[in-house]
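K.L.:
First the structure, which I've put down as structure tokens, then a few questions once you've had a look.
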Number of protein chains: 2
Amino acid sequence: MDELRAGMADRSAADVRRRIRRGGFAGQTSGLAAGKVQGNVAILPADWADEFLRFCLQNPKPCPVLAVGRRGRPELPSLGEDIDIRSDVPRYRVFEHGREVASPTDIAAYWRDDLVAFVLGCSFSFEWALRDAGLRLRHTERGTVVPMYRTSIATHPTERLAGPMVVSMRPFRPADAIRAIQISARYPGVHGAPVHIGLPGAIGIADIDRPDFGERSEVGEDELPVFWACGVTPQAVVEAARPPFFISHFPGSMLITDLDNAALAV
Amino acid sequence: MDELRAGMADRSAADVRRRIRRGGFAGQTSGLAAGKVQGNVAILPADWADEFLRFCLQNPKPCPVLAVGRRGRPELPSLGEDIDIRSDVPRYRVFEHGREVASPTDIAAYWRDDLVAFVLGCSFSFEWALRDAGLRLRHTERGTVVPMYRTSIATHPTERLAGPMVVSMRPFRPADAIRAIQISARYPGVHGAPVHIGLPGAIGIADIDRPDFGERSEVGEDELPVFWACGVTPQAVVEAARPPFFISHFPGSMLITDLDNAALAV
């Protein structure tokens, strides 16, 4: 698997998508098609889609919208000419009334004329920018999943969508934390600047060493924990709302787009 | 005095300079000619000026150069058409071999053909930007002088100029601290982004409540101290180097330029 992944780091996004589409890869996409934007996927019936879009627009930090498909259409031309959202994600999760009913590698069998596909920005892009600027990411270096926490920060709710913001945490020494804020601020399309720094208790995090999702990242005595809004937020909010039907990407298995991370900088 | 100051808030920079030039004002310039860039002043003999310029360029955070005059010339046309650096600062400090020998309101009597005038960016500009973005500055609200500290951060030395970086501190709640970093980062010409946040001990500050200059600003339990490089740094470095002759502005009595703070944003 690692050899397969290594072989795909230098492939074009279209190449990697083709391989995924043919069923040749069903794993994590981190590091594939280096430098290209990857996105979180959410697919909802039209009667939920409008509300979800409003939810995203009023919560841009956890839910930065990169693209919205047309009703019933699997294409996302602004992200890549050939994209078919029914087959181009390595693995999906299918939910009915809030319960996961399948985790297929293709959703052609689940597609319906009333579905709308959303692609939201993901932390891979700003992490690329941080590494490119010479900053070190502990979870990447340790090969662990970034720690994520439910917070006491409420999202701006819509009629049926509400819930706490989930954040990811990366520890940095103070001067690097300032650089990380400056750099990620240039990427509002992929979560942008952090929402919090230091003082985990102030956003309802009781124990920094016990994340709600992902794995622990040690925070040294000379470091501050830096917290970014996380794409798990919309996923958790939609799951909690229990719409009759909902499809998301499988954690870590994102849609790989043709966009360059560098081109997202404002 | 306060009435006089209030009357000058809405005056043009050129108006305020004219009044200062005529000897009609010798106090602090904070709040005068609202929205205009104010600068720290340093005047050195030519045989020190080249080295001072190199020192500033290799330490841009504490020493952001806004303008350098020509040798022996009191004009600074890029900062204001009519500026005469010998008379347009409310009060000066004159040093000989590191000893202060006078604090006049005009330096015509001290001017020499070998002097070079420097104007460096000052925190008033980024504080304007922070306030304009709705952030609250404790020292301004309390009417105190911002607390400043000598740190363990060394400046990049030249042959004769060396010394620790001096920083100013403003306390903010974490989300506001992140905003303050983003906003001040847009103003590299006036100290730019902070150099440190949280953990005062990590930069050699033993007691946050005992600043080396200025007055204490309380840091609440829900706040982080945020540290910016300070224009006192070059002043302290030059004083310590004891050049035969050196003139600076009197603390708080800056040169008011025609530049708009807003125009400094990158």
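The values are calculated or read from the model by the stated rules, or taken from the named source; none is laboratory data. Computed from a predicted model, the values in this text were never measured in an experiment. FYI the Cβ positions are ideal-geometry reconstructions off the backbone, even for glycines, and counts take in every protein chain you see.
For every residue, the table says whether it meets (1) touching a Phe, Trp or Tyr at 6+ places or on another chain (Cβ under 6 Å); (2) within 12 Å of residue B:42 (Cβ to Cβ).
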| residue | (1), (2) |
| --- | --- |
| B:60 | no, no |
| B:65 | no, yes |
| B:70 | no, no |
| B:76 | no, no |
| B:83 | no, no |
| B:91 | yes, no |
| B:95 | yes, yes |
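K.L.:
Take residue B:242 and tell me if it is charged (D, E, K, R), modelled with pLDDT of 95 or more and closer than 30 Å to residue B:262 by Cα.
P.N.:
no
K.L.:
One residue is enough: does the stretch A:47-62 have a residue meeting the conditions buried (at least 17 other Cβ atoms within 10 Å of the Cβ), closer than 15 Å to residue A:118 by Cβ and within 12 Å of the chain's Cα centre (by Cα)?
P.N.:
Within the stretch A:47-62, one or more residues are buried (at least 17 other Cβ atoms within 10 Å of the Cβ), closer than 15 Å to residue A:118 by Cβ and within 12 Å of the chain's Cα centre (by Cα).
K.L.:
Residues of the stretch B:214-266 being assigned to a loop (DSSP other than H, G, I, E, B) and within 19 Å of residue B:53 (Cα to Cα), which ones?
P.N.:
Our first condition is that a residue be assigned to a loop (DSSP other than H, G, I, E, B); within the stretch B:214-266, this holds for B:214-223, B:230-231, B:242-245, B:250-254, B:265-266.
Once the filter is applied, which keeps residues that are assigned to a loop (DSSP other than H, G, I, E, B) and within 19 Å of residue B:53 (Cα to Cα), the stretch B:214-266 yields B:230, B:231, B:242, B:243, B:244, B:245.
K.L.:
What tally of residues in the stretch B:195-240 results from selecting those that are more than 14 Å from chain A (Cβ to nearest Cβ) and crowded, with 20+ Cβ neighbours inside 10 Å?
P.N.:
11
K.L.:
Here is a follow-up. For the stretch B:164-179, does any single residue satisfy the condition of being within 14 Å of chain A (Cβ to nearest Cβ), small (Gly, Ala, Ser), buried (at least 18 other Cβ atoms within 10 Å of the Cβ) and out of contact with any Lys or Arg (no Cβ under 7 Å at 6 or more places or on another chain)?
P.N.:
Yes, because at least one residue in the stretch B:164-179 is within 14 Å of chain A (Cβ to nearest Cβ), small (Gly, Ala, Ser), buried (at least 18 other Cβ atoms within 10 Å of the Cβ) and out of contact with any Lys or Arg (no Cβ under 7 Å at 6 or more places or on another chain).
K.L.:
For the list (1) touching a residue at least 60 places away in the same chain (Cβ under 8 Å); (2) within 12 Å of another protein chain (Cβ to nearest Cβ); (3) touching a helix residue (DSSP H, G or I) at 6+ places or on another chain (Cβ under 6 Å), I need the number of the one condition that residue A:183 fails.
P.N.:
(1)
K.L.:
Let me ask something else about it. Can you tell which of B:90, B:74 is out of contact with any Lys or Arg (no Cβ under 9 Å at 6 or more places or on another chain) and not charged (D, E, K, R)? Quick ask: steps written out before the conclusion?
P.N.:
Working: B:74 fails: out of contact with any Lys or Arg (no Cβ under 9 Å at 6 or more places or on another chain).
When all the criteria are applied, what remains is B:90.
K.L.:
Looking at the stretch A:195-217 only, could you name the residues that are without any contact (Cβ under 8 Å) to a residue 24 or more places away in the chain and in contact with a helix residue (DSSP H, G or I) (Cβ under 7 Å, 6 or more places away or on another chain)?
P.N.:
Here is the first cut: in the stretch A:195-217, the residues without any contact (Cβ under 8 Å) to a residue 24 or more places away in the chain are A:199, A:201-202, A:206-207, A:209-210.
A:199, A:202 - these are the residues of the stretch A:195-217 that are without any contact (Cβ under 8 Å) to a residue 24 or more places away in the chain and in contact with a helix residue (DSSP H, G or I) (Cβ under 7 Å, 6 or more places away or on another chain).
K.L.:
Mind telling me which of the residues A:86, A:70 ends up being modelled with pLDDT of 95 or more and touching an Asp or Glu at 6+ places or on another chain (Cβ under 9 Å)? So that I can check it myself, show each step before the final result.
P.N.:
On the way: A:70 fails: touching an Asp or Glu at 6+ places or on another chain (Cβ under 9 Å).
The match here is A:86.
K.L.:
When you scan the stretch A:163-180, do you find a residue that is over 26 Å from residue B:180 (Cα atoms) and not assigned by TED's automatic domain parsing to the domain that holds residue A:43, even just one?
P.N.:
Yes, the stretch A:163-180 contains at least one residue that is over 26 Å from residue B:180 (Cα atoms) and not assigned by TED's automatic domain parsing to the domain that holds residue A:43.
K.L.:
Just a yes or no: is a residue in the stretch A:113-123 over 16 Å from residue A:26 (Cβ atoms), out of contact with any Gly (no Cβ under 8 Å at 6 or more places or on another chain) and surrounded by fewer than 24 Cβ atoms within 10 Å (Cβ to Cβ)?
P.N.:
Just the residues of the stretch A:113-123 that are over 16 Å from residue A:26 (Cβ atoms), to begin with: A:113-123.
With out of contact with any Gly (no Cβ under 8 Å at 6 or more places or on another chain) added as a condition, the list becomes none.
No, the conditions are met nowhere in the stretch A:113-123.
K.L.:
Then there's this: Within the bounds of the stretch A:31-46, is there any residue that is surrounded by fewer than 17 Cβ atoms within 10 Å (Cβ to Cβ), closer than 24 Å to residue A:194 by Cβ and in contact (Cβ under 8 Å) with a residue 12 or more places away in the chain?
P.N.:
yes
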